[in-house]
Amino acid sequence: MRWDNQVKKLPYGGDYNPEQWPEEIWDEDMALFAKAGIDTVTLNVFSWAAIQPSETEYDFSKLDKIVNLVTEHGMQIILATSTGAHPAWMAHRYPDILRVDYAGRKHKFGGRHNSCPNSPTYHKYAPLLAEKLAEHYKDQKNIIAFHISNEYGGDCYCENCEKGFRKWLKEKYGSIEAVNKAWNTTFWGHTFYDFEEIVAPNLLSEEGEWGGRCHTMFQGISLDYRRYMSDAMLDMYKMERDAIRKIVPKAAITTNLMGFYKPLDYRKWAKEMDFVSWDNYPSPTDPVEITAMCHDLMRGIKDGESFALMEQTPSVTNWLPYNALKRPGVLRLWSYQAVAHGADSVLFFQMRRSIGACEKYHGAIIDHCGHGDTRVFREASALGEELKKLGDATMTMETKAKVAVLFDWNNWWATEYSAGPSQDLNYREQVSKYYASLRKKNIDVDIVFPDSDLTGYQVVIAPVLYMVETGLDERIRAFVEKGGIFITGFFSGYVQENDLVVTGGYPGKLRDILGIWVEETDAFPQDACNHFSYHGKVYPAKLLCDLIHLEGAVALDDKGYLEDFYQGMPVVTKNEFGQGKAYYVATDSDEAFRDVFLEDILAEAGIRPLLETSKEIEVTSRENETGILYYVLNHGEKAGNFDLPVEGEELLTGETLTAGKYQIEAKDVKVIRVLK
């Protein structure tokens, strides 16, 4: 990634909202920021109403005072456009800016993500504000990035969005006949004769909610509306980005993403962003590997580039059902975990706690007490001092993974829109299972996508690859033919990009690569399963069981399924294809099976853990042409060990480490540089 200007170290700080406080507090904040090592603040995130009190009036006077103050105190600025919430006067005078929800209800002013992506009013005033901000601050030397809006999200089903959907469909398909073919509208007599007949799919038309998830009568319509809404919100971002770029051509521009956020195709978004930034708010009960996967997703959507950690809480997240404190040491530990997976900043929400509204009990560097004599402030100050010493030693380095896990928003949407085979099938969960098993072995993992270049990987895993989009089978085929190892499994290869079944037998376009034919799929409720044996041990066959026939592949399990009428049919298969191999796992099993199965795959590929460690210790790596950084993070409640095979320097202490076994305390971090 790149920041504007010459950033000499990881930016440290975060969201600062001094407009919520009297000005006499601001000088106190500056003194506390200096004490905590804060060098970067994000300003103007929610100030649209303050800056623009009417259609023609703009007032930057208070923002100027804030910008001047932080500049005088030597801090860098990430300048937001503040369009994450429109002013009340705008909603009152121009109701087209208000969204219509999934149930068809027109909303009133309130909340935060309340602007229709196709509102003419929004299209007029949001980019105009961005342009005026850019013009006003174009010579401000300490602005290192522009931050568009805030955490885009939320759908709209208003008339303007329906019109926009029809236009999007015309551009995508060209004719109403092509739309009918793509959506298979001969089913249930849904044939359209004019684009004007198409309506948005929601509770008033094609969709409904039961069993805890959205169901749709027509997957093609719902899938395309999902794609369209992601594109419509991306256009909101692009309007403001382009308005800034017109004034500041070389500006570094971003918006803060939200990890595995289902409504928006972040892979597509990343291509329009100068650098990726995101907000990391895991639940205290989330497995370490799931947080790591979110970081690697953010790195992956921009093809391996480092990213900005734009927000995390210093202490407590206040919107969870149970808002546990970050335990001592976790602020530092989770900050370094982000850096370990590709972050080139450590930023928080928020700098000072608000006294009112829904985030007044969300964590902050400066608590309601208003001074620095708190555990959180002391921990933040210690981390700030450490990052000063670290300087730019970790910045712009890359992760060189040999293993990739494929993730795809279109597959996520399509799999969970599918009418069967199981309401319990969770696409993200299935992908996470493989990722977590690899991370527990201290294997670096890249997240890749259907359009990614697979060159350079030795192993690519694509769980539940239900939808095989145009060209993906060719990339997989070439990858395996040249010696790669490909792994997929149940409910894969069924449909193309319009969610139409590829006839001729599952897994469709992957059939020759995998050397199998899937005849049927059995589904189990959560309390039932079949079983199979692998390397002499019995494992559960849960959720779904594909009934497969071998067409060149060989079975690796001992006896196939152990129960029911399909007893003896293969579960784990391997197909030699070109110089490589393709594996198929026909069911969802448990962690114990994945552990043994992946051990076999990694051994075959000659891939070893980055470092040998005790349990609860995470190891990742980033590198450049001169050396490799090993990040050793102890997430456990007691001390653990790791083996260092070569000499290195521990950057946080300056200590030289010879090859050997070392202890790392609970919640501690080691950053070890090994020269190439």
**Complete:** By the mean-Cβ-within-10 Å protection proxy, highest first, 348-355, 74-81, 58-65 rank as 74-81, 348-355, 58-65
**Message:** I'd like the per residue volume of the convex hull spanned by the Cα atoms of the chain, given in cubic angstrom.
**Reply:** 164 Å³
**Item:** the chain, accessible area per residue, ligands and nucleic acids excluded (1.4 Å, Å²)
**Value:** 39 Å²
**Message:** How many angstrom lie between the Cα centre of the range 561-623 and the Cα centre of the range 1-69?
**Reply:** 49 Å
**Request:** Enumerate the lysines that Lys8 could reach by cross-link, defined here as Cα to Cα under 21 Å, with residues fewer than 8 away along the same chain left out.
**Result:** Lys35, Lys141, Lys250, Lys388, Lys389
**Message:** Can you show me the helix-derived [θ] at 222 nm for the chain, built from DSSP H runs with n ≥ 4 at -39,500 (n - 2.57) apiece and divided by the number of residues, rounded to the nearest 500.
**Reply:** -9500 deg cm²/dmol
**Complete:** In the neighbourhood of Leu425 defined by beta carbon distances under 9 Å, the net charge of the other residues (Lys, Arg +1; Asp, Glu -1) is -4
**Asked** To the nearest 10 square angstrom, what accessible area does His549 show with a 1.4 Å probe?
**Response** 60 Å²
**Summed side-chain charge close to Gly654 - residues other than Gly654 whose Cβ falls under 15 Å, Lys, Arg +1, Asp, Glu -1** = -2
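Note down the magnitude of the dipole of the chain about its Cα centre, charges +1 on Lys and Arg C-beta and -1 on Asp and Glu C-beta and zero elsewhere, to the nearest 20 debye.
Charge dipole, the chain, about its Cα centre: 960 debye, nearest 20.
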**Listed pairs Lys138/Lys271; Lys170/Lys262; Lys400/Lys676; Lys302/Lys402 exceeding 20 Å between Cα atoms** = Lys138/Lys271; Lys170/Lys262
**Fill in**
From most to least accessible, 1.4 Å probe, no ligand or DNA/RNA atoms counted, Tyr173, Tyr152 line up as Tyr173, Tyr152
**Item:** Positive-pole candidate from Met293, Ser283, Gly304, dipole of the range 279-354, charges at beta carbon
**Value:** Ser283
**Fill in**
For the range 372-387, in residue order, the Karplus 3J(HN,Hα) values (coefficients 6.51, -1.76, 1.60; θ = phi - 60°; whole Hz; Gly and Pro = x) are x, 8, 9, 4, 5, 5, 5, 5, 5, 5, 5, 5, x, 5, 5, 5
**Complete:** For 466-472, 653-659, ranked highest to lowest by mean beta-carbon neighbours within 10 Å, the order is 466-472, 653-659
**Prompt:** Each residue of the range 522-530 in order: what ³J(HN,Hα) in whole Hz does its phi give by Karplus 6.51 cos²θ - 1.76 cosθ + 1.60, θ = phi - 60°, with x for Gly and Pro?
**Reply:** 9, 10, 10, x, 4, 9, 9, 6, 9
**Prompt:** Between Leu203 and Lys170, what is the FRET efficiency for a Förster distance of 35 Å, r being their Cβ-Cβ separation, to the nearest 0.05?
**Reply:** 0.85
**Message:** Once the convex hull of the alpha carbons of the range 537-588 is built, what does its volume come to per residue, in cubic angstrom?
**Reply:** 79 Å³
**Prompt:** Which parts of the range 602-631 would a label at Arg327 reach, counting a residue when its backbone N lies under 20 Å from a point 7 Å out along Cα-to-Cβ?
**Reply:** 614-619
**Item:** Antiparallel bridges, percent of DSSP beta bridges restricted to the chain (to nearest 5)
**Value:** 60 percent
**Request:** Could you look at the chain and say what percent of its accessible area is carbon and sulfur, using a 1.4 Å probe and all protein chains?
**Result:** 51 percent
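Could you work out the Kirkwood radius for the range 326-477, taking every pair of different alpha carbons, averaging 1/r and inverting it, reported in Å?
19.1 Å
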**Request:** Putting +1 on Lys and Arg Cβ atoms and -1 on Asp and Glu Cβ atoms, find which of Thr653, Ala639, Ala605 reaches farthest to the positive end of the dipole of the range 562-676.
**Result:** Thr653
**Fill in**
Listed by chain and number, the lysines with an alpha carbon less than 19 angstrom from that of Lys615, same-chain partners under 8 positions apart left out, are Lys433, Lys440, Lys441, Lys638, Lys661, Lys667, Lys670
**Relative contact order, percent, the chain [alpha-carbon distance under 8 Å, six or more residues apart]** = 10 percent
**Prompt:** Can you give the net charge of the other residues whose Cβ lies under 15 Å from the Cβ of Gly580, counting K and R as +1 and D and E as -1?
**Reply:** 0
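The values are calculated or read from the model by the stated rules, or taken from the named source; none is laboratory data. Just so we're clear, the structure is a prediction, and the values are computed from it rather than from any experiment. Methodologically, a virtual Cβ is constructed for each residue, glycine included, from the backbone with ideal geometry; neighbour enumeration extends over all protein chains shown. Surface accessibility is based on the protein's heavy atoms, side chains included, excluding ligands, DNA and RNA. Shrake-Rupley method; radii C 1.70, N 1.55, O 1.52, S 1.80 Å.
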